[in-house]
Amino acid sequence: MNARFRFRIGSALAAMLLAGVAIEATTLTAEAQQEGRRRRRSDAQEAAPLELTPAQVAKLTEVANSRSLNMDDLLSAAKTFTPSGRHDEYVLFSSGGQSGQVFAFGVPSMRLLRSIAVFTPESWQGYGFGGDNDRVHEELMINGKPVLWGDTHHPGLSETGGEYDGQFLFISDKANARVGVIDLRDWETKQIVKNPLTISDHGGSFVTPNTEYIIEGGQYATVLGYGYAPIEDYQKSYRGMVTFWKFDRAKGRIDVSKSFAMELPPYWQDLSDAGKGASDGFIFMNSFNVEMATGGIEDGNPPFEAGASKRDMDYMHIIDWRKAEAAFGAGKVKMINGFPVIMLETSIADGFLHFTPEPKSPHGVDVTPNGQFMVVAGKLDPHVTVYSVAKVKKAIADKKYSGSDVYGVPILDFDSVMEAQVEVGLGPLHTQFDDKGYAYTSLFLDSAVARWTLGGEYEAKNPEQPWKLVTKTPVQYNIGHLAAAEGDSASPDGKYLISMAKWSVDRFLPTGPLLPQNFQLLDIGSTGTDMPVIYDMPVGVGEPHYCQMIKADKLKTWTVYPEIGWNAHEQRMDPKAPKSGSEGVTRDGTNVLVNMTAIRSHFKPEHVEVNEGDTITWRITSTETAIDATHGFCIGGYNINLSLEPSEFVEFTFVADRAGTYPFYCTEFCSALHLEMAGYLHVKPKGLTAAPALDSVQAGK
Ligand code: K7E
Ligand code: CUA
C-alpha cells in the first residue's frame with residue numbers, strides 16, 4: 001500500500017467505506033489536508049531553542065558511538081537533516097545527463113523532489129504516452145526521425161536584473177543541439193527547439209540578465225545547416241556558431257522568428273556565460289582546438305586529444321550581443337537552413353566579435369556576480385585566468401590588438417585585458433561565487449574544490465589578500481561542475497555548494513559495474529579554511545553535468561491548475577475540455593469522440609464502444625480541485641498512459657486497430673476506491689453483426 005493510500009484512509013473513512021457510503025471528493029480532501037497539517041511541525045516547535053540535558057547528551061553520544069560517528073559527522077547531520085514535514089530552503093535543478101531529464105532536489109536535505117521529463121518520454125508524467133499525435137513525439141522529431149533521448153548538460157534559470165526569478169528553466173541537449181523550456185509554475189516542459197544549424201551543442205543554456213535571450217553555443221564544428229563537406233575542407237567549410245534564442249516571457253516560449261545565430265570560426269566553442277552589471281551586453285565563450293586539428297589516428301594523424309592541445313593559447317570569444325541584435329535587425333544575415341545567421345565578415349566589420357588568448361584548452365568561463373571579471377579555467381593549466389571587463393572595453397575602444405586569427409577576427413592583447421592569474425591546482429574546470437568575495441573552482445584532477453579570493457570591489461569583503469588560494473576541500477572523486485546557492489546570480493547567498501563528482505568509486509554500496517555519480521554538499525557559510533563536505537548523495541540516473549540552486553521561496557508553484565479544464569501545454573482553460581454532465585461517446589463516420597471526466601473514484605463514461613479501425617479522439621478532464629488528487633489513465637496494449645493533475649484537461653488520439661476488450665484504469669493510487677477507477681474500451685471486430693459464441697472468441701476466430 002503506498003503512502004497516498006494510507007494517508008487518506010482515516011478511520012472515519014474506513015467506517016464510511018464499510019457502510020457503503022458514497023465518498024465525496026470534498027470529504028477526502030478535508031480529511032487529507034487536516035492530516036497533512038497535523039504532520040507538519042508547528043512554527044512554535046521550530047522556533048523553540050534547544051538546550052541539551054545531560055541525559056540527552058548521553059543518549060546522543062551513545063547513538064554516535066554505536067554508529068561510529070564523530071563530532072563532525074554529528075554536525076553535518078544537524079546541518080542537513082530536515083525533519084519530516086519541514087521544507088528545504090533551496091531547490092537544486094539538475095541536469096539529468098543521458099537520461100534526458102531534469103531532476104529537482106531539496107537542499108540541504110538532498111532529497112529528490114521530482115524529475116521533469118524533457119527529451120525522453122517518461123510514463124509517470126504521461127510524457128510522450130499520449131497516443132499517435134502526441135506533441136511530445138512531434139517535438140522530439142529530428143529530420144523525420146524520433147530522437148527519444150537527450151544528453152542534458154546545462155540548466156539555466158530565467159533571470160530578471162541578473163537574479164533568478166523562478167519563472168522558467170532552460171536545459172540544453174548536447175547530443176542533438178536542442179533547448180527545452182520548462183515553466184516553473186507547473187514544472188512541465190512546454191517547448192523544445194532544435195537548432196537548425198548544428199547537430200550538437202555545448203555552451204548552453206545561459207541567459208542574458210533579463211532573459212532577453214537564451215544562449216546556445218556549439219561545440220564540434222560542422223557544416224552549418226547539416227551540410228556535408230569532406231574533412232579535408234575543414235578550415236574552408238566547417239564552422240562554429242552561437243545561437244541567440246529570443247525568449248517571449250509573456251508566452252513562456254522561445255520565439256524562433258526573432259532568434260538568430262552568429263557564424264564563428266571552426267574552433268570548438270565551449271562553455272559560455274553572459275555578462276551582467278559591469279559586463280552587461282557581452283557574452284563570453286571559450287573555445288579549444290584553435291589548432292583546427294581534424295584527427296584521424298587511422299590515417300597517421302595525431303588524435304584529437306593531441307592535435308587539439310598543441311598550442312599554448314586558445315581564444316575566448318567576446319561578443320557584444322546588443323550590436324549583434326542590431327545587425328540581425330538590419331537584415332545583415334544569410335539564411336542557412338531557413339535560419340538567419342550573421343556571417344563572420346559582418347561581425348568583424350561591425351566590431352562585435354573579438355577574441356583574446358586564454359591558456360590552453362579552457363573549459364569554463366564564469367562572470368563574477370558584479371560582472372567585473374571573467375574567470376577562465378584551463379584544464380591543462382593549474383591557474384585560473386581572470387579578465388577585467390573594464391580592460392576589455394578599453395582594449396576594444398583603443399583597438400589594442402595583438403593580431404587577428406586566420407578568419408580576420410581581431411585578437412585583444414592578452415596583457416591588456418588580463419587582471420590576474422591564480423594558481424588553484426590541477427585540472428580547474430568551473431567557477432562559482434559566494435557573498436563573501438570568494439570564488440570556488442572545481443579541480444578535476446586534484447578532486448578538490450578550491451576557494452580563492454577575488455579582487456576589485458570584492459577586496460574589502462574577506463580578510464585575505466586578493467587573488468589568492470585560501471583553501472581546498474577534497475571531494476570524491478573527479479569533480480566537473482559545482483553549483484553554489486544562487487551562485488550564477490548577481491547576489492549569491494554563500495551558504496551551500498554542490499560538488500558534482502564524476503565517479504563515486506567507493507562512496508556507496510556497489511551497484512554493478514555502472515556506478516552512480518555523487519553529489520556532495522559543502523557548507524561554504526564560513527570564511528577561511530572551514531569548508532567541510534556535509535552530505536553525499538548518489539545520483540543513479542545519468543551524469544548530471546550542471547545544476548543551479550535557487551531559493552525555494554522564489555518559486556511560485558501551482559499545486560492545482562487555476563481552472564477546471566486546464567490545458568497544461570497552452571497554460572489556459574481549454575474550451576474543448578469535457579465538462580461534468582457533457583460526457584459521452586459520439587461518432588462521425590469512423591471518427592469517434594470520447595468526452596470523459598475523472599474524479600475520485602470513477603471515469604465517466606465507464607464503457608466506450610468502438611469499431612475496429614475507428615480513429616478515436618479521447619478527451620478527459622479531471623474535475624478535481626484538491627491538491628494531490630492526481631489520477632492516471634492508461635490503456636494497456638495501446639501504449640497510452642497519462643497523468644491527470646487536478647483540473648487538467650488532456651486529449652489524445654489513436655486508431656483502434658486491434659479488436660478486443662481493453663480495460664482502462666487509473667494508474668495513480670488516488671483513493672480508497674482507486675482500484676475501482678476503471679472501465680472498458682470495447683473494440684468490436686470488423687464485420688461483426690451479432691455477439692460471437694464464446695469458444696470462437698477464445699479461439700481467436
Ligand atoms: Cu564541464 Cu558539459 Cu559543463 Cu560536463 S561540461 S563537467
Ligand atoms: Cu484515480 Cu486511482
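All of the numbers you see were taken from the coordinates with simple rules; none came from a lab. Computed from a predicted model, the values in this text were never measured in an experiment. Here Cβ is always computed from backbone atoms with ideal geometry, including for glycine, and neighbour counts include all displayed protein chains.
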Scan around Tyr401 for amide H atoms under 5 Å from its own, H built in the peptide plane at 1.01 Å from N, and keep only partners 5 or more places away or cross-chain.
Asp413
For the residue pair Ile348 and Glu423, what label-to-label distance in nm results when each label sits 7 Å from Cα along the Cα-to-beta-carbon direction?
3.9
Long-range amide H contacts for Thr597: which residues qualify at under 5 Å (H placed 1.01 Å from N, peptide plane, sequence gap of 5 or more or a different chain)?
Lys604, Thr621
Once phi is turned into ³J(HN,Hα) by the Karplus curve 6.51 cos²θ - 1.76 cosθ + 1.60 with θ = phi - 60°, what whole-Hz value does each residue of segment 108-118 show in order, with x for glycine and proline?
x, 6, 6, 7, 6, 8, 5, 9, 10, 6, 10
Which of Ile550, Tyr496, Ser526 sits farthest toward the positive end of the charge dipole of segment 465-571, with +1 on the Cβ of Lys and Arg and -1 on the Cβ of Asp and Glu?
Ser526
In nm, what is the difference between 0.36 nm times the number of residues separating Glu212 and Tyr477 and their Cα-Cα distance?
91.7 nm
Whole Å is fine, so just give me how far the alpha carbon centre of segment 493-567 lies from that of segment 308-346.
35
Can you list residues from other chains, or at least 5 along the same chain, whose modelled amide H is less than 5 Å from the amide H of Asp314?
Glu358, Lys360, Ser361
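Of all trypsin sites (Lys or Arg not before Pro) in segment 250-287, which ones are in loop regions per DSSP and have a Cβ with at most 14 other Cβ atoms within 10 Å? Don't skip to the end; give the middle numbers.
Working: sites: Lys251, Arg253, Lys258, Lys276; in loops: Lys251, Lys276.
Listed in order of number, the matching sites are Lys251.
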With n ≥ 4 as the cut-off for DSSP H runs, can you work out [θ] at 222 nm for the chain, using -39500 (n - 2.57) per run divided by the number of residues, rounded to the nearest 500?
-4000 deg cm²/dmol
3J(HN,Hα) from dihedral phi, segment 592-605, Karplus parametrisation 6.51/-1.76/1.60, rounded to Hz, x for glycine, proline:
10, 10, 9, 10, 10, 10, 9, 7, 4, 10, 8, 9, 9, x
When Rg is the radius of gyration of the Cα atoms in the chain and Rh is its Kirkwood radius, what does Rg/Rh come to?
1.02
Thr625 versus Leu69: modelled label distance in nm, points set 7 Å from Cα along the beta carbon direction
4.6
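Report the FRET efficiency, 1/(1 + (r/R0)^6), for Glu612 and Leu675, where r is their Cβ-Cβ distance and R0 is 45 Å, rounded to 0.05. Don't jump to the answer; show the numbers that get you there.
Details: r = 29 Å, r/R0 = 0.64.
Calculated transfer efficiency: 0.95.
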Short version: ³J(HN,Hα) in whole Hz for each residue of segment 344-355, in order, from phi by Karplus 6.51 cos²θ - 1.76 cosθ + 1.60 (θ = phi - 60°), x for Gly and Pro, what are they?
3, 4, 5, 4, 6, 4, 7, x, 10, 10, 10, 10
Provide the FRET efficiency to the nearest 0.05 for the Met141-Glu457 pair, computing r from the beta carbons and using R0 = 51 Å.
0.55
Which pairs break 22 Å Cα to Cα here: Lys310/Lys502; Lys576/Lys686; Lys190/Lys495; Lys190/Lys604; Lys258/Lys332?
Lys310/Lys502; Lys576/Lys686; Lys190/Lys495; Lys190/Lys604
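Let me have the relative contact order for segment 491-579, percent, based on Cα pairs under 8 Å that are six or more residues apart. It would help to have the intermediate numbers written out before the result.
Details: 103 pairs, mean separation 18.5, N = 89.
Result for segment 491-579 is 21 percent.
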How much length is gained if the chain between Lys686 and Leu52 is pulled fully straight, taking 0.36 nm per residue apart and subtracting their Cα-Cα distance, in nm to one decimal?
220.5 nm
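Please label the shape of segment 103-207 as rounded, prolate or oblate, based on the square roots a ≥ b ≥ c of the eigenvalues of the alpha-carbon gyration tensor (a/c under 1.5 means rounded; beyond that, a/b larger than b/c means prolate, else oblate). Each step should come with its number before you reach the end.
Values: a/c = 1.91, a/b = 1.27, b/c = 1.50.
Oblate, since a/c reaches 1.5 and b/c is not below a/b.
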Between Thr529 and Tyr226, the two model label points (7 Å from Cα along the beta-carbon direction) sit apart by a distance in nm of 5.7
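What's the magnitude of the charge dipole for the chain around its Cα centre, counting Lys and Arg as +1 and Asp and Glu as -1 at the beta-carbon? Answer in Debye, nearest 20. If you can, show how the numbers build up before the last one.
Working: 64 positive and 87 negative charges, 194 e Å.
Value, rounded to 20: 940 debye.
Which FRET efficiency, nearest 0.05, do Ala330 and Thr559 yield, Cβ-Cβ r, R0 60 Å? Walk me through the numbers on the way to the answer.
On the way: r = 47 Å, r/R0 = 0.78.
Efficiency, rounded to the nearest 0.05: 0.80.
For segment 370-444, which trypsin sites (Lys or Arg not before Pro) are both in a DSSP coil and crowded by at most 12 other Cβ atoms within 10 Å?
Details: sites: Lys379, Lys391, Lys393, Lys394, Lys399, Lys400, Lys436; in loops: Lys379, Lys399, Lys400, Lys436.
Sites meeting the loop and neighbour criteria: Lys399.
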Cα centroid separation, segment 186-216 to segment 362-438 (Å):
24
